[in-house]
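Chemist: A single structure is presented below for examination.
The values are calculated or read from the model by the stated rules, or taken from the named source; none is laboratory data. Owing to the predicted nature of the structure, the values given are computational and were not obtained by experimental measurement. Every residue, glycine as well, gets a Cβ built from its backbone with ideal geometry; the counts of neighbours run over all protein chains shown.
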Amino acid sequence: MSRGLGGPGVAAALPDAVVVAAAVATQLGDVWFLFGLVGGLYWFGDALPGPIALDRRRAAYLVGLGLGANALVTTLKTWLALPRPPDAAAAPTVEWLPSLLAPPFAGAATGTGFGFPSGHATAVAVVYGGLALLVGTRKAHATAAAVVALVALTRVALGVHYLVDVVAGVAVGAAYLAVVHAAARRGDAPTRAFAAALVLALLGPVVGGVGFETMSALGAALGAFLAWTVAGEAVERAPATRRGGTASVAVGAAFGGLFAAVYVLEPAAHLSAPAMAVVLAGVVASPVAGEALARRL
């Protein structure tokens with residue numbers, strides 16, 4: 001498959017309404033959305049209603065999968081160093097879009113950095129695929145497949161990836177999920193998912209060089225691995241309650257603010273690694289603090 005398929009000509013040929021819809025739908029695979037989704041499932045645990053109520057052990061496995069997807073994409077992108085399509089950093093022109101919405105649209109409809117494989121496509125294959133495997137129903141599998149296909153198509157529709165980028169992303173993500181899911185005993189051994197993420201993150205600076213992206217991925221994987229190793233048993237022992245989940249979200253959101261600050265400020269590599277280690281250690285340990293706080297209120 002030629003990497004030339006796709007690119008900026010696709011967005012220019014689509015109706016403006018379709019491009020705007022793609023910019024909205026692509027957020028299902030953006031780092032902020034996946035952070036909130038995986039974090040929410042983990043912080044609330046099985047206190048959530050319905051089939052997505054996972055005990056915190058299996059939800060921790062999902063956190064490990066998300067970190068592994070991030071490390072996998074970062075390592076591959078920095079190693080291969082293949083560019084995005086031309087003008088991927090320029091937002092499509094939508095004349096009827098209100099000026100107030102222009103900045104968020106530009107942020108959602110553009111892409112920077114290396115282009116292969118697609119990070120969005122890889123991440124959704126790992127995270128939504130992993131969630132579907134944990135839920136285990138046909139509806140969950142069908143929903144995950146639909147979300148993966150949708151997000152992958154939005155990346156091409158927006159002109160920020162070639163078609164081969166998203167196909168490779170889905171394939172790489174699915175292969176990674178299959179390997180880790182088997183190694184982690186179908187989600188029953190979250191430590192192995194955290195360890196897999198850490199191994200991939202350690203490869204990033206080796207094959208792709210020391211930089212913000214590689215060191216942030218390494219710091220995140222290391223912080224989560226250490227926090228689960230130290231606090232994992234306490235997290236599992238703490239009964240999951242809705243009040244405790246709400247308090248855990250509040251604690252985790254504070255670390256989420258630091259997470260956003262790191263990505264906005266992009267500090268030097270020697271600062272980004274410890275900052276992200278603190279963020280993910282806090283995210284993983286949040287249920288212990290949250291449930292304890294809920295019991296005292």
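Chemist: Determine whether PRO104 is of a type outside the set (A, V, I, L, M, F, W, C) and part of a loop (DSSP other than H, G, I, E, B).
Modeler: No; evaluated as a whole, the condition is false for this residue.
Chemist: Check GLY223, GLY208, GLY187 and return the single one that is modelled with pLDDT under 95 and in contact with a Gly (Cβ under 9 Å, 6 or more places away or on another chain).
Modeler: Of the residues listed, the single one that is modelled with pLDDT under 95 and in contact with a Gly (Cβ under 9 Å, 6 or more places away or on another chain) is GLY187.
Chemist: GLY282 - would you say it is in contact (Cβ under 8 Å) with a residue 60 or more places away in the chain, crowded, with 16+ Cβ neighbours inside 10 Å and out of contact with any His (no Cβ under 6 Å at 6 or more places or on another chain)?
Modeler: In short, no.
Chemist: Moving on. Name the single residue that is modelled with the lowest pLDDT among those in segment 152-163 being touching a strand residue (DSSP E or B) at 6+ places or on another chain (Cβ under 8 Å) and of a type outside the set (Phe, Trp, Tyr).
Modeler: GLY159
Chemist: Quick check: anything in segment 107-122 in a helix (DSSP H, G or I), under 21 Å from GLY282 (Cβ atoms), out of contact with any Asp or Glu (no Cβ under 8 Å at 6 or more places or on another chain) and touching a residue at least 12 places away in the same chain (Cβ under 8 Å)?
Modeler: no
Chemist: Over 19 Å from the mean Cα position of the chain (by Cα) and without any contact (Cβ under 8 Å) to a residue 40 or more places away in the chain: which single residue out of THR241, THR229, THR246 fits that description?
Modeler: On inspection, the qualifying residue turns out to be THR229.
To keep it simple, each residue is scored yes or no on (1) under 14 Å from the mean Cα position of the chain (by Cα); (2) under 23 Å from LEU177 (Cβ atoms); (3) surrounded by fewer than 24 Cβ atoms within 10 Å (Cβ to Cβ); (4) not aliphatic (A, V, I, L, M).
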position: ASP16; (1), (2), (3), (4): no, no, yes, yes
position: VAL24; (1), (2), (3), (4): no, no, yes, no
position: TRP32; (1), (2), (3), (4): yes, yes, yes, yes
position: GLY40; (1), (2), (3), (4): yes, yes, yes, yes
position: PRO49; (1), (2), (3), (4): no, no, yes, yes
position: ASP55; (1), (2), (3), (4): no, yes, yes, yes
position: ALA71; (1), (2), (3), (4): yes, yes, no, no
position: PRO85; (1), (2), (3), (4): no, no, yes, yes
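Chemist: Residues being charged (D, E, K, R) and assigned to a helix (DSSP H, G or I): count how many of those fall in segment 72-101.
Modeler: Number satisfying all stated conditions: 1.
Chemist: Might you check whether a residue that is at pLDDT 95 or above, surrounded by 23 or more Cβ atoms within 10 Å (Cβ to Cβ), of a type in the set (Gly, Ala, Ser) and in contact with a Leu (Cβ under 9 Å, 6 or more places away or on another chain) occurs anywhere in segment 131-151?
Modeler: no
Chemist: Which count do you get for residues in segment 241-283 that are of a type in the set (Ser, Thr, Tyr) and not in a helix (DSSP H, G or I)?
Modeler: Going through segment 241-283 one residue at a time, the tally reaches 1.
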